[in-house]
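Asks: To start, I am sharing the structure in question, which I have written as structure tokens.
The values are calculated or read from the model by the stated rules, or taken from the named source; none is laboratory data. The shown structure was predicted, so the numbers you read here are calculated from the model rather than taken from an experiment. Virtual Cβ from ideal backbone geometry, glycine too; neighbours counted across all protein chains shown.
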Protein chains: 2
Amino acid sequence: MSESILSQRLSHVQNHLQVAPCAAEEESRIKTPIESMAEERQKATFNVRELTYYLDGGEKFTKVREKFMMELERDPTFRMYDMYDVTKDQIRERTMEKFRTIVHYVSAEPVPIFTMRMQTISLIDPGFWTRFGVHYGLFFGALRGSATSAQFSHWVSKGALALNGMVGCFAMTELGHGSNVAGLETTATFDETSDQFIIHTPTITATKWWIGGAAHTATHCVVFAQLIVRGKRYGTKSFVVQLRDTHTYMLMPGVNIGDIGKKMGRDGIDNGWIQFTNVRIPRTNMLMKHTKVSRAGEVKEPPMAQLTYGALIQGRVAMVVDSGNIAKKAVTIAGRYAAVRRQFSSNPHDVQETKLIDYAIHQYRLMPLLAQAFAFHFTGVETNKLYEELMDKLESTQPGDASMGEVIDTLKETHATSAGLKAFCTWATLNAIEACRQTLGGHGYSSYTGLATTYNDFAVHCTWEGDNTILTLQSGRYLVNCYREALSGKSQPEGVEYLNHLDTLLTQGCAVKTHDEILDFGVIQEAWGVVTANVVKKAGDDFETSLKQGMNPEAAYEECSQARLAAAKIHSFGYVFRRFAQAVRNAPEGLRPVLTKVCLLYGLYSIEQNSGFFLQYRYFTPSQMDYVRSQVNVLCRDVRQEYIPLIDSFNYSDYMINSPLGAYDGNVYEKYFEQVKKQNPVGQPHPYLPLIQSLLRRDIEDDEPLEEDDDDDE
Amino acid sequence: MSESILSQRLSHVQNHLQVAPCAAEEESRIKTPIESMAEERQKATFNVRELTYYLDGGEKFTKVREKFMMELERDPTFRMYDMYDVTKDQIRERTMEKFRTIVHYVSAEPVPIFTMRMQTISLIDPGFWTRFGVHYGLFFGALRGSATSAQFSHWVSKGALALNGMVGCFAMTELGHGSNVAGLETTATFDETSDQFIIHTPTITATKWWIGGAAHTATHCVVFAQLIVRGKRYGTKSFVVQLRDTHTYMLMPGVNIGDIGKKMGRDGIDNGWIQFTNVRIPRTNMLMKHTKVSRAGEVKEPPMAQLTYGALIQGRVAMVVDSGNIAKKAVTIAGRYAAVRRQFSSNPHDVQETKLIDYAIHQYRLMPLLAQAFAFHFTGVETNKLYEELMDKLESTQPGDASMGEVIDTLKETHATSAGLKAFCTWATLNAIEACRQTLGGHGYSSYTGLATTYNDFAVHCTWEGDNTILTLQSGRYLVNCYREALSGKSQPEGVEYLNHLDTLLTQGCAVKTHDEILDFGVIQEAWGVVTANVVKKAGDDFETSLKQGMNPEAAYEECSQARLAAAKIHSFGYVFRRFAQAVRNAPEGLRPVLTKVCLLYGLYSIEQNSGFFLQYRYFTPSQMDYVRSQVNVLCRDVRQEYIPLIDSFNYSDYMINSPLGAYDGNVYEKYFEQVKKQNPVGQPHPYLPLIQSLLRRDIEDDEPLEEDDDDDE
């Protein structure tokens, strides 16, 4: 790809400049959508391509992403223009076709590169991404995480890695059981006589439910079930169970499977339900890296259960990254449309209506979302880095090592941080998608403009891999514990570093001399520190009070759950701002001015949205808060100047965006009309003509009563 | 319906009571979902049936609604159990079948009764409701509002009322033009020679777009177009244009129509696009109640354009009512599920997991939404009453009457109020649907549980009949004007009555002696009054400042748009609270205690969500705000006690709810499983077997490189 997208674009802009009329003439004539877009690109004060490189982590990675985008766009199995009109069955068929294409790359590409390929795919086809993730992330991930090395080799030799001979799914949730994994009902009872486990679904609520890939495609399954040996229960463990014959695809004896059917989104994955009726599997199909059951029925439990956390973190980090990516896609569509859509006129002397984006209220709707997309992008990058460092540490540390305690602390911190961020970022992104959709006006309700489907596909992120409310509460519980540790003098890690300065923070007000000093990363960071410290203290104190009243710790946590939820949310705001601010400080010099504005907007807008806390804890005075509000408007106007170049830096091709309203060149109406006509050709036979004709040509007299006879007596 | 739903239900509860074991025994055994639900019904301290009557406006109307529910449930064209699996074409066919059923009632039933029938239908099939509304509300409504009486009679004689011989649609919006009706591009040019208008679509952006019913079903259309007579433009007027032959359904010459295709929701209506190419219609097809064009080409414009506002108000009021109804449906589903779903245990000694609804955080998620549903219900009732009073006044007042000025004032007020409330209630309800959906956990992502579809169907309410942001700004503009009038001493009407006390309100703080005095309708009402007065003042002062800086009024309004938006939102909160509080005061004595709690919860929760304003304007101190927060939790716990009886009072049958998780008897798992199996039967042929087999049985060697030959030299 030696002719980069940028150079194509630059030449496009230059062509425009060459034919552009002089300024006075320019003002007086009607601009086409393409011209309306082109003029936005002239406003850039920074090098768009340099920002793309910075976002991608370097030119090398940008090139790789562009290679992926081109490969996908030209691959017929990944055609996307008709995706909004295919049926559930058709889209599932396509998932299998894509599977066939993508398995080639699994073994051919190094993991980080292949991960980037999948991230690119997740942006255009979340259903396929899920089906693929179910096999490689969940099924194969469970083997890697929970199988002994002999077991792992066995399943790889059967085709679990190369996907030849078997394809997997992952059965944790049940009809009546979701977040509480310990409460699952499916049983795995050891039968000493035959050296087998009997996998069984005892009740309707124990039916495995939502199992991605189970309805039609999986041959094998990692099943979570209650281990029972000699009548004693040992909690939930995982077992490999064959579901179907790998040649005929007939169900194995005792296995009953059905299709979950229509979903809100991601219909490309065939979610199913499974009931096991006394299904027998070899003892060695239990994954025994942690808990082991011997031939004689002896159960050996693992020394450190926490080490199994690692697998959970990976999925959550992936969703933080996906939040940033999808948020960027949503603002690309909404942002480009706003640059060409014109409506009313704010000046009676204008010959043309005003661009949406030139209205203050539209800037206020979109610019904070653009800022948030950047914030989530950088948070994703940083969280991914933390996760990888943690995995390196875990792999290089053995249970007996002196540094193990420290590693466990990092694990706990990363676990809590990723839980809180997964919830925070997916919630905010879901809202952002809907807000962007609404900025498209009526056109946001068309499937072809993309954001309705994006909403429906994304919404599941708020629930799976940990329900957001429960994850936020977990994060709040971690904060309460850190607070209590900090009170007892134990120094706290970077993520909750503010808890090391409780004495000064709790009563601190904003010490600026003039309002404009608030426009400073340090002040905003301090503001979040003060407010977070206070909100965490509130949760911690509530917890303490409950303990003193004689509650057990679980009841005390429950009692302060509302305070924990608030603490975790506020903590995440501050955390994300710090990540963004750090990324701005680390940015190349030429990018810092524009990124500084975007980051200040994110910081101040977030403060405005949570103004109650900043006034409650008296960090800001009402007058300072008025200033914050006014500056949000000023920064919106400011960021608006370069917002199209900022969006361009996300570097998504039109194919990736898959929305005519987000077209790079701004030619939105023609592209939109073309797509609608392509998918719904004119001149087709009328689909329900007889129904209409019978309605319009019916005998009205049918509805009328018989007229009474006036002359009974004649 | 002499055997009322209630009596069936009461006997159900009584049966349960008779077989219920004694209290101690009860505690120690596992409860089924049905038992978990039944025990909730025993907690009612009020008469559920009496509350239903109060909500419906009397026993008589409850009976009518129950009659409608039974008729719909038994009508095969209104079968709903398979609605989540039908294709776009199938659901449109059903729309036409339903049309055939419902036209019988249009002429047979008085308007208020028929309106109740349609409200009932809107809850189960919003797509059909829309298609019906397009003909009767928009097309026929336009004839009634804009045709002369001779024209009106003409179109009625052609079948516009009885729907025999013609069916209508309404073409206002264009591909490039939505909210700005004055900016529409379609032209209607008078041709004196032939005494005809020439209807023409001059550009691609002038293509009529989103036109409900145009794709396949409408024969006639009311078209909004720019009136041009002798080269002069007179603005947007409306014209009846025939689209199709009423026998063959072939398009008329010059008419080009296509299908808009797949939408986010409401696929039951066939939205289309229309292009007119020099289509000629008789001059008398222009609707001339207001503007008239004579045979000689003389244009006579109407004396009072405001009178055309009336039609807009009706649609907005209908959406406020729909918000309340859909909000009630959403909390019914989420609320009933929360009474039977169990997860984790908050007490280690429990033999059974804890009901979702017994977690403080779940109460905090649901109870405020239940309170809001009541608030919107009563607001809908009241807004409808205001609208009807206004229509009565308009009909009984002639242009010359002395009272006309007062009527115009009421019209303006109702227009602004309904605009603000439409936006406020539809936004809040859309969020409530999603919040309810998320409380269902993973099951909220299944189509069969209903809320995903409810979200997709409802979302369009935020855009059509006035984009919510634009309506909110209009409402804010009205408030700015009222504020300026109030400053100049003019007394303001009831809806903005607080502006008559600016002197005292603007600096007022909460004067309670002890915190618990805050739990009072009067204090909460005053709190909203103070905050709204301040926020409106902010917008008004910003406007004034801009004027003084020399801006024209339009630019000054634009400058304060963010402040206007905030003012309108805060105003609506206070307005809705007042409506709710008034309804509680008017309620039968036996209902007042429980409704008082629900209303206090709505008031305090809304204050908590907007705490920044109450602290900013120093109505509440931080310590009082802490109390408000704590009382929200207390009230959530309190309302939770009777929340199932409160939900029961909404009196939606299981058929209306159409979600197994919202089943009245609580038997959610069996019903959900049955529905999934019914729609996705087991044992079907495998839909894409060859694709999977070719994936799993492929030659892995295809992917491997040719091995290099080691012995070149041999």
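Asks: Taking A:Leu615 as the residue in question, decide whether it is facing chain B (nearest Cβ under 7 Å) and over 17 Å from A:Ser36 (Cβ atoms). Full working, then the answer.
Replies: Details: facing chain B (nearest Cβ under 7 Å): yes; over 17 Å from A:Ser36 (Cβ atoms): yes.
Here the answer is yes, as A:Leu615 does meet what is asked.
Asks: How many of the residues in the stretch B:218-252 are within 13 Å of chain A (Cβ to nearest Cβ), of a type in the set (S, T, N, Q) and under 29 Å from the mean Cα position of the chain (by Cα)?
Replies: Looking only at that region, the number is 1.
Asks: Could you check the stretch A:339-374 and list, in sequence order, the residues that are over 23 Å from A:Asn667 (Cα atoms), hydroxyl-bearing (Ser, Thr, Tyr) and not in a helix (DSSP H, G or I)?
Replies: A:Ser346
Asks: Oh, and also: Where residues in the stretch B:67-87 are touching a residue at least 40 places away in the same chain (Cβ under 8 Å) and assigned to a helix (DSSP H, G or I), which of them is nearest to the other protein chains (Cβ to nearest Cβ)? Steps first, answer last, please.
Replies: Narrowing the stretch B:67-87 to residues touching a residue at least 40 places away in the same chain (Cβ under 8 Å): B:67-70, B:72-73, B:78, B:80-85.
Then drop every residue that is not assigned to a helix (DSSP H, G or I), which leaves B:67-70, B:72-73, B:78.
On the way: B:Lys67: 19, B:Phe68: 19, B:Met69: 23, B:Met70: 21, B:Leu72: 19, B:Glu73: 22, B:Phe78: 15 Å.
Among those residues, the one meeting the criterion is B:Phe78.
Asks: Any idea which of (1) among the β-branched types (Val, Ile, Thr); (2) within 13 Å of chain B (Cβ to nearest Cβ); (3) loosely packed, with under 14 Cβ neighbours inside 10 Å is the one A:Val531 doesn't satisfy?
Replies: Going through (1) among the β-branched types (Val, Ile, Thr); (2) within 13 Å of chain B (Cβ to nearest Cβ); (3) loosely packed, with under 14 Cβ neighbours inside 10 Å one by one, A:Val531 breaks only (3).
Asks: Look at the stretch A:10-53 and say how many of its residues are at pLDDT 50 or above and under 25 Å from A:Ile333 (Cβ atoms).
Replies: Going through the stretch A:10-53 one residue at a time, the tally reaches 24.
Asks: Still on this structure: Can you list the helices (runs of 4 or more DSSP H) lying wholly within the stretch A:592-657 that have 1 or more residues being farther than 21 Å from A:Ala371 by Cα and of a type outside the set (S, T, N, Q)?
Replies: Fully inside the stretch A:592-657 and qualifying: A:611-616, A:622-641, A:654-657.
Asks: While we're looking at this one, here's another question. Would you tally the residues in the stretch B:375-389 being surrounded by fewer than 17 Cβ atoms within 10 Å (Cβ to Cβ) and closer than 11 Å to B:Tyr575 by Cα?
Replies: Going through the stretch B:375-389 one residue at a time, the tally reaches 0.
Conditions tested, residue by residue: (1) hydrophobic (A, V, I, L, M, F, W, C); (2) surrounded by fewer than 24 Cβ atoms within 10 Å (Cβ to Cβ).
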residue: A:Leu421; (1), (2): yes, no
residue: A:Tyr445; (1), (2): no, no
residue: A:Gly450; (1), (2): no, no
residue: A:Glu465; (1), (2): no, yes
residue: A:Gly476; (1), (2): no, no
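Asks: Shifting gears a bit: Taking the stretch B:190-206 as the search range and keeping residues that are under 29 Å from A:Leu689 (Cβ atoms) and surrounded by 23 or more Cβ atoms within 10 Å (Cβ to Cβ), which one is nearest to the other protein chains (Cβ to nearest Cβ)?
Replies: Result: B:Thr201.
Asks: Pick out the one residue from A:Arg94, A:Arg131 that is surrounded by 16 or more Cβ atoms within 10 Å (Cβ to Cβ), over 22 Å from the mean Cα position of the chain (by Cα), part of a helix (DSSP H, G or I) and of a type in the set (Lys, Arg).
Replies: Among A:Arg94, A:Arg131, only A:Arg94 is surrounded by 16 or more Cβ atoms within 10 Å (Cβ to Cβ), over 22 Å from the mean Cα position of the chain (by Cα), part of a helix (DSSP H, G or I) and of a type in the set (Lys, Arg).
Asks: Another question about this same structure. Against the conditions (1) assigned to a helix (DSSP H, G or I); (2) within 14 Å of chain A (Cβ to nearest Cβ); (3) not small (Gly, Ala, Ser), where does B:Thr62 fall short? Just the number, please.
Replies: So the condition that B:Thr62 fails would be (2).
Asks: A follow-up question, please. List every residue pair whose Cβ atoms lie under 6 Å apart, where the two residues are 6 or more positions apart in sequence or sit on different chains, the first residue falls within the stretch A:88-104 and is within 7 Å of chain B (Cβ to nearest Cβ) and free of Cβ contacts under 8 Å to residues at least 60 places away in the same chain, and the second residue, located anywhere, is surrounded by fewer than 21 Cβ atoms within 10 Å (Cβ to Cβ) and not in a helix (DSSP H, G or I).
Replies: A:Asp89/B:Pro687; A:Glu93/B:Tyr688
Asks: Of all residues in the stretch B:221-260, which are within 28 Å of A:Thr87 (Cβ to Cβ) and in contact (Cβ under 8 Å) with a residue 40 or more places away in the chain? So that I can check it myself, show each step before the final result.
Replies: As a first pass, look at the stretch B:221-260 and keep what is within 28 Å of A:Thr87 (Cβ to Cβ): B:249, B:257-260.
Answer for the stretch B:221-260, where residues must be within 28 Å of A:Thr87 (Cβ to Cβ) and in contact (Cβ under 8 Å) with a residue 40 or more places away in the chain: B:Ile257, B:Gly258, B:Asp259, B:Ile260.
Asks: Separate question: Say whether the condition of being more than 14 Å from chain B (Cβ to nearest Cβ), on the phi < 0 side of the Ramachandran plot and surrounded by fewer than 16 Cβ atoms within 10 Å (Cβ to Cβ) is met by at least one residue in the stretch A:253-271.
Replies: There is at least one residue in the stretch A:253-271 that is more than 14 Å from chain B (Cβ to nearest Cβ), on the phi < 0 side of the Ramachandran plot and surrounded by fewer than 16 Cβ atoms within 10 Å (Cβ to Cβ).
Asks: Going by the structure shown, is A:Asp322 in a helix (DSSP H, G or I), among the charged types (D, E, K, R) and farther than 22 Å from A:Asn586 by Cα? Give the derivation first.
Replies: Working: in a helix (DSSP H, G or I): yes; among the charged types (D, E, K, R): yes; farther than 22 Å from A:Asn586 by Cα: yes.
Against the criterion (in a helix (DSSP H, G or I), among the charged types (D, E, K, R) and farther than 22 Å from A:Asn586 by Cα), A:Asp322 qualifies.
Asks: Using the structure shown, decide if B:Asp626 is within 26 Å of B:His571 (Cα to Cα), without any contact (Cβ under 8 Å) to a residue 24 or more places away in the chain and in contact with a Lys or Arg (Cβ under 9 Å, 6 or more places away or on another chain).
Replies: Details: within 26 Å of B:His571 (Cα to Cα): yes; without any contact (Cβ under 8 Å) to a residue 24 or more places away in the chain: yes; in contact with a Lys or Arg (Cβ under 9 Å, 6 or more places away or on another chain): yes.
For B:Asp626, the condition - within 26 Å of B:His571 (Cα to Cα), without any contact (Cβ under 8 Å) to a residue 24 or more places away in the chain and in contact with a Lys or Arg (Cβ under 9 Å, 6 or more places away or on another chain) - is met.
Asks: Here is a further query. Within the stretch A:272-289, how many residues turn out to be surrounded by fewer than 22 Cβ atoms within 10 Å (Cβ to Cβ) and under 25 Å from the mean Cα position of the chain (by Cα)?
Replies: Residues meeting the conditions: 0.
Asks: Out of the stretch A:290-301, which residues are farther than 15 Å from A:Phe224 by Cβ and either at pLDDT below 95 or surrounded by fewer than 17 Cβ atoms within 10 Å (Cβ to Cβ) (or both)? Working first, answer last.
Replies: Step one: list which residues in the stretch A:290-301 are farther than 15 Å from A:Phe224 by Cβ, which gives A:292-301.
A:Lys292, A:Ser294, A:Arg295, A:Ala296, A:Gly297, A:Glu298, A:Val299, A:Lys300, A:Glu301, listed by residue number.
Asks: Identify all residues within the stretch B:465-493 that are at pLDDT below 95 and under 14 Å from B:Leu421 (Cα atoms); write none if there are none.
Replies: Within the stretch B:465-493, B:Glu465, B:Gly466 meet the criteria.
Asks: Could you tell me how many of the residues in the stretch B:126-159 are of a type in the set (A, V, I, L, M, F, W, C), free of Cβ contacts under 8 Å to residues at least 24 places away in the same chain and farther than 25 Å from B:Met80 by Cβ?
Replies: Filtering the stretch B:126-159 down to residues of a type in the set (A, V, I, L, M, F, W, C) leaves B:128-129, B:132, B:134, B:138-140, B:142-143, B:147, B:150, B:152, B:155-156.
Retained after the next criterion (residues that are free of Cβ contacts under 8 Å to residues at least 24 places away in the same chain): B:129, B:150, B:152, B:156.
Subset that is farther than 25 Å from B:Met80 by Cβ: B:150, B:152, B:156.
So the answer is 3.
Asks: Does the stretch A:400-416 contain any residue that is in contact with a Leu (Cβ under 6 Å, 6 or more places away or on another chain) and surrounded by 19 or more Cβ atoms within 10 Å (Cβ to Cβ)?
Replies: Yes, the stretch A:400-416 contains a residue that is in contact with a Leu (Cβ under 6 Å, 6 or more places away or on another chain) and surrounded by 19 or more Cβ atoms within 10 Å (Cβ to Cβ).
Asks: Return yes or no: is A:Met304 modelled with pLDDT under 95, among the aliphatic types (A, V, I, L, M) and surrounded by fewer than 21 Cβ atoms within 10 Å (Cβ to Cβ)? Don't jump to the end; show me each part of the working.
Replies: Numbers: modelled with pLDDT under 95: yes; among the aliphatic types (A, V, I, L, M): yes; surrounded by fewer than 21 Cβ atoms within 10 Å (Cβ to Cβ): yes.
Judged against the criteria, A:Met304 is a match.
Asks: Quick one: in the stretch A:591-612, which of the residues that are within 12 Å of chain B (Cβ to nearest Cβ) and free of Cβ contacts under 8 Å to residues at least 24 places away in the same chain is surrounded by the most Cβ atoms within 10 Å (Cβ to Cβ)?
Replies: A:Gly612
Asks: If you take the residues in the stretch A:339-383 that are in contact with a Ser or Thr (Cβ under 7 Å, 6 or more places away or on another chain) and among the β-branched types (Val, Ile, Thr), which one is farthest from the other protein chains (Cβ to nearest Cβ)?
Replies: Top of the filtered list is A:Thr383.
Asks: Counting only residues that are under 25 Å from B:Arg233 (Cβ atoms), surrounded by fewer than 22 Cβ atoms within 10 Å (Cβ to Cβ) and more than 8 Å from chain A (Cβ to nearest Cβ), how many does the stretch B:153-189 have?
Replies: Residues in the stretch B:153-189 being under 25 Å from B:Arg233 (Cβ atoms), surrounded by fewer than 22 Cβ atoms within 10 Å (Cβ to Cβ) and more than 8 Å from chain A (Cβ to nearest Cβ): 6 in total.
Asks: Testing B:Gly666 on (1) among the small types (Gly, Ala, Ser); (2) out of contact with any Pro (no Cβ under 7 Å at 6 or more places or on another chain); (3) on the phi > 0 side of the Ramachandran plot; (4) buried (at least 18 other Cβ atoms within 10 Å of the Cβ), one condition comes back false. Which one is that?
Replies: So B:Gly666 meets the others, but not (2).
Asks: Go through (1) assigned to a loop (DSSP other than H, G, I, E, B); (2) farther than 26 Å from A:Gly441 by Cα; (3) polar (S, T, N, Q) one by one and return the number of the condition B:Ser179 breaks.
Replies: Evaluating B:Ser179 over (1) assigned to a loop (DSSP other than H, G, I, E, B); (2) farther than 26 Å from A:Gly441 by Cα; (3) polar (S, T, N, Q) leaves (2) as the failure.
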